[in-house]
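One structure is given below, encoded as structure tokens.
The values are calculated or read from the model by the stated rules, or taken from the named source; none is laboratory data. As the structure is a prediction and not an experimental result, all values here were calculated from the model. Virtual Cβ from ideal backbone geometry, glycine too; neighbours counted across all protein chains shown. Heavy atoms of the whole protein, side chains included, go into the accessibility calculation; ligands, DNA and RNA do not. Shrake-Rupley method; radii C 1.70, N 1.55, O 1.52, S 1.80 Å.
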Amino acid sequence: ENPKTANDPKMWYYHGLTYYSIYASADAALKLENPNSINIATASFFKAKETDAKNKYTENAEFYLLYCAIGLYNNAINFYNAKEYSKAIETYQNILLITPLDKKGDLKRNSGGEVTEEKITQFMYYAAQADGNYKDAKAYIQKLIALNFRDPRIYADIANILLLEKDTAAALSYVE
């Protein structure tokens, strides 16, 4: 609220640390009071990077963003399992903002290979398809094809979507 510190990278960094600590806390009551703590932490670390002209906090903010990606991934799975597909997709999209920061492959290594651009896009297409949002599912599948994703199921699924849209010729081209 203070205009002097409103856009200070140090403030945003510590704001992110505070909310990440709440997310990672074993205190169930504290977590219940702050159900969006991982989202607030993520936004704060991004704001710290954005406002850090002298690069004092950027490296640490990026480090914690990788931890946030794992937390967001867990939340996205919970949303998907609860059939809250649009929330799952929104959460996956936030993860995709973080994956380019993973220069060393830590996300892939620490998540059993589940937090990569390809896998997150695949989960987004699953969620869109389960939600009946075939337009977005098709777009995510096409992105996977462009990324050379090697799961033959994506071709069958896009063909099925195209058949639902009454585009038999396009469906056959994907099957071929």
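Note on K47: aspartates and glutamates with a C-alpha under 16 Å away, same-chain residues under 8 apart excluded, are E1, D8, E59, E62. Of the GluC sites (Glu not before Pro) in the stretch 102-166, the ones in a loop by DSSP (not H, G, I, E or B) with at most 14 other beta carbons within 10 Å are E165.
How charged is the neighbourhood of I22? Take every other residue with its Cβ under 14 Å from the Cβ of I22, and add Lys/Arg as +1 and Asp/Glu as -1.
Values: positive: K31; negative: D27, E33.
Value of the local net charge: -1.
Can you give the charge dipole size of the chain about its Cα centre, rounded to the nearest 20 debye, using +1 on the beta carbon of Lys and Arg and -1 on the beta carbon of Asp and Glu? Don't jump to the answer; show the numbers that get you there.
On the way: 20 positive and 22 negative charges, 63 e Å.
That gives the chain a dipole magnitude of about 300 debye.
Packing-based ranking of 35-43, 156-164, 21-29 yields 35-43, 156-164, 21-29, ordered from highest to lowest mean Cβ neighbour count within 10 Å.
The relative contact order of the chain, computed from alpha carbon pairs under 8 Å that lie at least 6 residues apart in sequence, is 13 percent. If you sort S173, S111 by accessible surface, 1.4 Å probe, largest first, the order is S173, S111.
Checking the table K49/K135; K54/K83; K143/K166; K54/K135; K4/K143 against a 32 Å threshold on Cα-Cα, which pairs fail? Please report the intermediate quantities before stating the final value.
Numbers: K49/K135 34 Å; K54/K83 43 Å; K143/K166 22 Å; K54/K135 43 Å; K4/K143 43 Å.
Check vs 32 Å cut-off fails for K49/K135; K54/K83; K54/K135; K4/K143.
Separation of the stretch 36-76 and the stretch 82-152, taken as the distance between their Cα centroids, equals 19 angstrom.
How charged is the neighbourhood of I77? Take every other residue with its Cβ under 13 Å from the Cβ of I77, and add Lys/Arg as +1 and Asp/Glu as -1. List each step's numbers first, then the result.
Values: positive: K83, K87, K119; negative: E84, E114.
Cβ neighbours under 13 Å give a net charge of +1.
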